[in-house]
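Engineer: My questions will all concern the structure given below.
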Amino acid sequence: MSAALVVAACSGSDDATEAPSTDSAPTDSVAEDVDTTDEPAADEPAEEESTTTVDAASTDGIAVVDVEGSVHAPLAALVTVRTDDETLVDVTATSGDHVVDVPLPAATSTEHQIPVIGMRADQTYALSVDVLDADGASIGVVDGLEFTTDTLPGYFGDHQLTIDAERAAPGFTVIEFDTLSPREGATSSQHLVAYDNDGEVVWYYENTGALGGFEVTPAGTFNIFYWPFGTREVDFLGNVVGNWRPLASGADPSVITNEELFEGIDPEQVDFQGGLGALVGNPGDAEPVPVSAEWVDLATIHHEAWPMPNGNTLTLSTTTHELTPEQREAFCPGDPAPFNAISDVAVEFTPDGTVVRTWDLWDVIDIDQFPGGEMCVPAGIFAEENARDWTHANSAIYDPERDAVIISSRHTNQIVAFDHLDDEGPQTQLRWILGAGSTMPLDGEPTTYQHAVEVNVDGSLIVYDNGNDRPTNQLATPGTPSSCTSVVSCANAYSRAVIYDVDDSSDDPADWTATQRWEHIDTEDNGNLAYSGFISDADQLSNGNVLITHGGIGTFPPGPEDPLHILIREVVPEGESGGDIVWELQSELGFVTYRSERIETFYNGPEWAN
């Protein structure tokens, strides 16, 4: 009546958790407040192979079931079910009171490959496969299969979580942890981790380079960029199914050489992001596809890999524009370098690497009026002596309601919206600017050095306002806004999450307005205002709460006197509970994160019936 199949995913405990939860269908009320601490095992190099796979057939001919653990997402497994007739399958994984209930496939088949995502570390799960006919009636159940998950790597750190599961938005919180340099046993300084609302790690993923800009795609995969080299599309079993890299205009599109990618990039920055190893990726990664445009040189891919509803990807690249000697002297008096300006370009490309459209900030921002706060700094993640980081865009999104591409230009303190349009090629039609040089009146405080502009379901904008260039800041020593790295070096500094209502529906742009609706300023447990002078994120969640990611509190570059750390809080924004914190992570010292995201499910692709 069943297929007995025992699969061990490396060494680990058989003890089941005592906390009840169901991870496939989280609800608004699942538990009391939870205060948990990650306590990973001692640092050990990751196993090259973490699973054993055994084939077995059920004795009554219901199905043949295979189970294989994932190498690159070690808490996940792939269950393959083969039947003679077209069927559906309902797969469940149970360890004590913790249940992962996988949604039904959207279509019948004689072979189903079912990823089991959401299992916790160091536990043995009983797997059950209910084989159903096309009408959903059970044909038979295959039981007796087991899967044991691995322990967490020691280099994941010790993070403190406090969760009010009844009021937190449902789902899983995915965090892009970064230790800035690889710890012992790690393949990279960065790893993605997903927590459930009981504060347990239920998924993680590593590759050899940066893992930034996590965004779930309509296909049920996720996009990440590995600055400055490219962007990858990954499934939740950790398989890289898409890989794209920039290629200079006129270069041979059939070849992407490492030399071309490294050319013009500060070697220290290349090493910081993983060097050659970041280009190599994990074994089995999809081969890179070149991304190039005839009309502009694309030097990098950075900060964004936004999945568009038409199946294309929206990312950011950089290009260089020549300055006149008069401009150089006006921007940086006495600077002898013949420097030019690095501008950011939003790029829309198809899965085959064809660039469809680009939007260059150079075309809509007057550099003479807005030279930015870092033009005279000859070093940085993009800058060097003869090329200066003018705009430093750090997010680009597509708003389908407005049919607009919206870009955060950090160094010029601006949020810029272009019309997307149907025409292909370079696009230059400005919709509006919010911030310095705003094209519409703003009732409220503008952002400075902001990150992570996104559009909420009601059309409003949510932004993480880092605040480096806030007028009330008091730098201990003179410098540029990027010198305002912490409350130690920059008194009165604070960051905030802010929501703006943008009314741009009128046919007459003269009627457009922007209004600050809401802001939240956090205070740390030590009494300091929460201030992250770089990276960071803010997102409105499905229940209206706001997830605020203070990604790098402390001095950067890091030092022992004021160590970097992460503070993530989910805040109830309004009503009698306005300001209440219902989800919190305080990281171990030495960790930062670019962004965090709350996803409602690991199963959102078209192959699922949910």
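The values are calculated or read from the model by the stated rules, or taken from the named source; none is laboratory data. Worth saying up front: this structure is predicted, and the values here are computed from it rather than measured. In this analysis, Cβ positions are derived from the backbone assuming ideal geometry, glycine residues included, and neighbour counts consider all displayed protein chains. Surface accessibility is based on the protein's heavy atoms, side chains included, excluding ligands, DNA and RNA. Shrake-Rupley method; radii C 1.70, N 1.55, O 1.52, S 1.80 Å.
Engineer: Report the extension gain between Asp458 and Glu401 in nm, rounded to one decimal, defined as 0.36 nm multiplied by the number of residues separating them, less their alpha carbon distance.
Structural biologist: 19.5 nm
Engineer: Could you give the length gained by full extension between Asn310 and Glu574, i.e. 0.36 nm per residue of separation minus their alpha carbon distance, to one decimal place?
Structural biologist: Fully extending the segment from Asn310 to Glu574 adds 91.6 nm.
Engineer: Where both residues lie in the chain, what percent of DSSP beta bridges are antiparallel, nearest 5?
Structural biologist: The antiparallel fraction comes to roughly 90 percent.
Engineer: How would Arg496, Arg431, Arg167 line up by accessible area, probe 1.4 Å, largest first?
Structural biologist: In descending accessible area the options line up as Arg167, Arg431, Arg496.
Engineer: Let me ask something additional. Determine the calculated [θ] at 222 nm for the chain from helices alone, applying -39500 (n - 2.57) to every DSSP H run no shorter than 4 residues and normalising by the residue count; nearest 500 deg cm²/dmol. Write down the numbers at each step before the final one.
Structural biologist: Values: 4 runs with 24 residues, N = 610.
That comes out to -1000 deg cm²/dmol.
Engineer: Now, a different point. I need the phi-derived Karplus couplings for the range 498-505: 6.51 cos²θ - 1.76 cosθ + 1.60, θ = phi - 60°, integer Hz, Gly and Pro marked x.
Structural biologist: Going residue by residue, I get 9, 10, 10, 8, 10, 9, 10, 8 Hz, with x marking Gly and Pro.
Engineer: If you don't mind, there's one more thing I want to ask. In nanometres, what is the gap between the two model label sites at Glu86 and Glu184, each 7 Å from Cα along Cα-to-Cβ?
Structural biologist: It is 5.7 nm.
Engineer: What residues qualify as long-range amide H neighbours of Leu237, i.e. H under 5 Å apart, gap of 5 or more or another chain, H built at 1.01 Å from N?
Structural biologist: Counting only residues 5 or more places away or on other chains, the set is empty.
Engineer: Can you sort Asp130, Asp85, Asp252 by 1.4 Å-probe accessible area, starting with the largest?
Structural biologist: Numbers: Asp130 35, Asp85 110, Asp252 85 Å².
Accessible-area ranking of Asp130, Asp85, Asp252, largest first: Asp85, Asp252, Asp130.
Engineer: With volume of the Cα convex hull per residue in Å³ in mind, check (i) 191; (ii) 251; (iii) 162 and report the label derived from this structure.
Structural biologist: Answer by label: (iii).
Engineer: Please list, ordered by chain and number, the residues whose modelled amide H lies under 5 Å from the amide H of Val356; skip anything fewer than 5 residues away on the same chain.
Structural biologist: Answer set, sorted by chain and number: Glu348, Phe349, Thr350.
Engineer: In nanometres, what is the gap between the two model label sites at His321 and Gln369, each 7 Å from Cα along Cα-to-Cβ?
Structural biologist: 1.3
Engineer: So if R0 is 56 Å, what FRET efficiency would Ala609 and Asp271 give, r being the distance between their Cβ atoms, rounded to the nearest 0.05?
Structural biologist: 0.75
Engineer: Continuing with the same structure: Given a Förster distance of 22 Å, report the FRET efficiency between Ala330 and Thr480 from their Cβ-Cβ distance, rounded to the nearest 0.05.
Structural biologist: On the way: r = 17 Å, r/R0 = 0.75.
E between Ala330 and Thr480, to the nearest 0.05, is 0.85.
Engineer: Would you mind pulling out the separation of the Cα centroids of the range 490-553 and the range 322-373, in Å?
Structural biologist: 27
Engineer: With θ taken as phi - 60° and the coefficients 6.51, -1.76 and 1.60, list the Karplus ³J(HN,Hα) couplings across the range 554-564 in order, rounded to whole Hz; mark glycine and proline as x.
Structural biologist: For the range 554-564, the Karplus-derived couplings read x, 6, 10, x, x, x, x, 6, 9, x, 6 Hz, x marking Gly and Pro.
Engineer: Quick query: amide H of Ala165 versus all other amide H atoms, modeled in the peptide plane; which residues come in under 5 Å with a sequence gap of 5 or more or a different chain?
Structural biologist: Here the answer is Ala31, Asp33, Val34, since their amide H atoms fall under 5 Å of that of Ala165.
Engineer: How many Å² of accessible area per residue for the range 207-439, probe 1.4 Å?
Structural biologist: 36
Engineer: Quick one: Cα centre-to-centre distance for the range 443-458 and the range 66-109, in angstrom?
Structural biologist: Result: 41 Å between the Cα centres.
Engineer: Need the full-extension length gain, Val280 to Asp419, defined as separation in residues times 0.36 nm minus the C-alpha distance. One decimal, nm.
Structural biologist: Gain on extension, Val280 to Asp419, equals 46.4 nm.
Engineer: OK, next. Tell me the carbon and sulfur percent of the accessible area for the chain, rounded to whole percent, probe radius 1.4 Å.
Structural biologist: 49
Engineer: In Å², and per residue, what accessible area does the range 53-149 have when probed at 1.4 Å with the other protein chains present?
Structural biologist: Accessible area per residue, the range 53-149: 36 Å².
Engineer: Taking the Cα-to-Cβ direction at Glu385 and at Glu287 and moving 7 Å from each Cα, how far apart do the two end points lie in nm?
Structural biologist: 4.0
Engineer: Kindly write out, for the range 140-152 in residue order, the coupling ³J(HN,Hα) from the Karplus curve 6.51 cos²θ - 1.76 cosθ + 1.60 (θ = phi - 60°), rounded to whole Hz, with x marking Gly and Pro.
Structural biologist: x, 10, 9, 10, x, 9, 9, 9, 10, 7, 7, 6, 6
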